[in-house]
Each structure stands twice: as C-alpha cells, then as structure tokens.
1. Is there any pair with a first residue in the range 88-100 that is at negative phi and a second that is in a helix (DSSP H, G or I) and among the hydroxyl-bearing types (S, T, Y) whose Cβ atoms are under 7 Å apart and which are 6 or more apart or on different chains, and what are they?
2. Kindly indicate whether any position in the range 119-132 is assigned to a helix (DSSP H, G or I) and either within 18 Å of L108 (Cβ to Cβ) or of a type in the set (D, E) (or both).
3. What number of residues within the range 52-82 satisfy the criterion of being open to solvent by less than 50 Å² (accessible area, probe 1.4 Å) and part of a helix (DSSP H, G or I)?
4. Can you pull out every residue in the range 88-110 that is among the hydrophobic types (A, V, I, L, M, F, W, C) and either over 14 Å from W28 (Cβ atoms) or crowded, with 16+ Cβ neighbours inside 10 Å (or both)?
5. How many of the residues making up the range 4-27 are within 25 Å of A132 (Cβ to Cβ) and over 19 Å from the mean Cα position of the chain (by Cα)?
6. Which of the residues spanning the range 39-51 are crowded, with 21+ Cβ neighbours inside 10 Å and either modelled with pLDDT of 95 or more or over 22 Å from W88 (Cα atoms) (or both)?
7. Anything in the range 3-12 that is open to solvent by less than 50 Å² (accessible area, probe 1.4 Å) and free of Cβ contacts under 8 Å to residues at least 40 places away in the same chain? List them, or say none.
Amino acid sequence: TYVLTVLPLLVFPLIVVNALGSARAGTWFIGFQVAALLNAVVLAVANLTYAEVERARTDRHAVVRRSGLLLLAGSLAGCVAMVVLAPWLLAIFGDHYASTGTATLRVLALACVGAAFNYWGMMRLRLAGHLAAMIGTQVASTVVMLVLAAALAGHGTVWVAAAWGIGHAVGGALGWLL
C-alpha cells in the first residue's frame with residue numbers, strides 16, 4: 001500500500017503545474033510542504049498507536065478506539081494551530097506565498113484530519129489481517145484523490161487540496177466500515 005500512498009505525492013504537483021502553471025505550482029508546493037510537517041506528526045502518532053495496539057494483550061478493541069481518539073484529537077489540534085498560523089507560516093517564504101497560498105494551506109491542514117482517519121482505518125485493517133481490504137481501500141483513496149485533483153485543478157489549488165482531504169476521508173471511511 002506504500003506505493004499507493006506515495007503516488008499522489010508524485011502526481012499532484014504535475015496536475016497543478018499542468019492546470020495552473022509554474023507560479024501556482026510553486027505556491028502549491030510550499031503550502032504542501034508546510035502541511036507535510038503536520039502530516040508527519042500525525043503519521044508518527046499513528047505508528048506509535050499501532051505499536052501500542054500490537055503490544056496490548058487484552059481488550060485490543062478499546063486500545064484501537066483510544067488510538068483513534070488520540071489521532072483525532074492530535075490532528076484537530078494541529079489543524080486548528082495551522083489554520084490560525086497559516087499566513088505567518090507562509091510569510092516565512094515571502095509575502096507572495098502568504099497572500100496566494102493561505103487558503104490552500106488551511107484546506108491542507110483540514111485534510112490532515114482526513115489523513116489521520118485514513119491512517120487509523122489502515123491500522124484497523126492491518127490488525128484484523130484484512131490485507132485485501134487494506135489494499136482495496138488504498139486503491140479507492142488514491143483513485144478518488146487523483147480523479148478529483150485532475151477534475152478540480154483548473155479551479156485552483158484550494159480545490160486540489162480539497163481533493164487530497166476527500167481522498168483521505170474516503171480511505172478512512174472504508175477502513176472503518178470494512
């Protein structure tokens with residue numbers, strides 16, 4: 001599933017540069033890299049919670065539930081902080097990025113909550129030994145991301161960021177349901 005997780009990281013910049021040009025792609029890239037810092041924290045927490053569940057000898061369902069709540073709380077806290085700080089974080093790179101990329105960074109921060117949900121869903125499927133469902137869920141998540149990004153890129157980077165979040169939310173929902 002790692003290849004399916006990485007594929008959008010490689011394709012999204014190409015979609016943006018082809019639809020919006022290199023200047024907008026630069027804004028996208030800076031915003032995405034800033035949001036990636038939050039995503040890295042969420043991924044680290046997801047990996048820690050997976051290890052915690054693997055060590056649990058009893059009541060693993062409660063540990064999975066608690067892990068999901070921890071991921072939700074952590075991603076929401078990071079999202080709120082990034083939404084508030086977005087203009088200042090982007091101003092580090094220049095006023096142009098702050099003026100043109102703040103809305104995109106805010107949507108990417110919100111998408112991180114979807115990513116946390118997706119990571120939690122993948123953890124549930126991995127722990128249950130549902131490899132086929134895990135792969136199918138990541139295929140669906142990746143396809144939704146890429147199709148929406150390609151379809152919405154002409155409307156701006158905010159919509160590409162929304163595609164990122166929606167794809168992750170779909171992966172999380174499937175991981176929860178399966």
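1. Partner pairs satisfying both residue conditions: L90/Y97; L90/T102; Y97/T27; T100/T27.
2. Let us first name the residues in the range 119-132 that are assigned to a helix (DSSP H, G or I), namely 119-128, 131-132.
Okay, now just the ones that are also either within 18 Å of L108 (Cβ to Cβ) or of a type in the set (D, E) (or both), so 119.
There is at least one residue in the range 119-132 that is assigned to a helix (DSSP H, G or I) and either within 18 Å of L108 (Cβ to Cβ) or of a type in the set (D, E) (or both).
3. Residues of the range 52-82 that are open to solvent by less than 50 Å² (accessible area, probe 1.4 Å), as a first pass: 53, 56, 62-64, 67-68, 71, 74-75, 78-79, 81-82.
Subset that is part of a helix (DSSP H, G or I): 53, 62-64, 67-68, 71, 74-75, 78-79, 81-82.
Residues meeting the conditions: 13.
4. In the first step, residues of the range 88-110 are kept if they are among the hydrophobic types (A, V, I, L, M, F, W, C); the result is 88-93, 98, 103, 105, 107-110.
Matches in the range 88-110: W88, L89, L90, A91, I92, F93, A98, L105, V107, L108, A109, L110.
5. Total satisfying the criteria: 0.
6. Answer for the range 39-51, where residues must be crowded, with 21+ Cβ neighbours inside 10 Å and either modelled with pLDDT of 95 or more or over 22 Å from W88 (Cα atoms) (or both): A46, T49.
7. Correct list: V6 only.
The values are calculated or read from the model by the stated rules, or taken from the named source; none is laboratory data. Please read these numbers as outputs of a predicted model, since none were measured by experiment. With ideal geometry, Cβ positions are generated from the backbone for all residues, glycine too; neighbour counts draw on all protein chains shown. These area figures cover heavy atoms from the full protein model, side chains too; ligands, DNA and RNA do not enter into them. Shrake-Rupley method; radii C 1.70, N 1.55, O 1.52, S 1.80 Å.
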